[in-house]
């Protein structure tokens, strides 16, 4: 997992490289990306369902940062998703997304297990089975 920093709307900074110990699903998204916006409630449900077993991080790639992400989160009531931002695109560049959304699953040691480019139905049986297998559930 890239050891880059992301920050949230409250100004908290998270070093991605310090997240070892629990599997992490990192989703690169943007407010202007319709497939990304469609996935967010599904990713929030995933975060709720796997709380304690899988950390779900949605990281905005909007260059406007808070200006774009603030209103987006204000209009929605996510149970678990944080407002993480990467306005300089450091994480996006390190992951090598290019297509949005791009979602990468890392194991508890920070090693990439698999990735999905483009939107995905995170509530599907296939998605849940793949996550269960990856996290040893």
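Throughout, read-outs are computed from the coordinates displayed, never taken from laboratory work. Note that the coordinates shown come from a computational prediction; the quantities given were computed from them, not determined experimentally. Positions of Cβ are generated from backbone atoms using ideal geometry, with glycine treated the same way; all protein chains shown enter the neighbour counts.
The table that follows gives values for the structure above.
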{"read-out": "Listed candidates [x] 13.6, 39; [y] 18.8, 76; [z] 16.3, 49 - label of the one calculated as Rg and Dmax of the Cα atoms in Å", "value": "[x]"}
{"read-out": "Point-to-point label distance, residue 124-residue 20, nm (Cα→Cβ direction, 7 Å offset)", "value": "3.3"}
{"read-out": "Sorted by Cβ density within 10 Å, fewest first, the residues 112, 75", "value": "75, 112"}
{"read-out": "Folded to 0 to 90 degrees: helix 34-49 orientation relative to the chain principal axis, Cα", "value": "50"}
{"read-out": "Reference-scaled alpha-carbon Rg (2.2 N^0.38 Å with N residues) for region 69-137", "value": "1.27"}
{"read-out": "Residues 104, 26 arranged by fewest to most Cβ contacts within 10 Å", "value": "104, 26"}
{"read-out": "Rounded to 10°, Cα long-axis angle of helix 125-135 versus longest principal axis of the chain", "value": "80"}
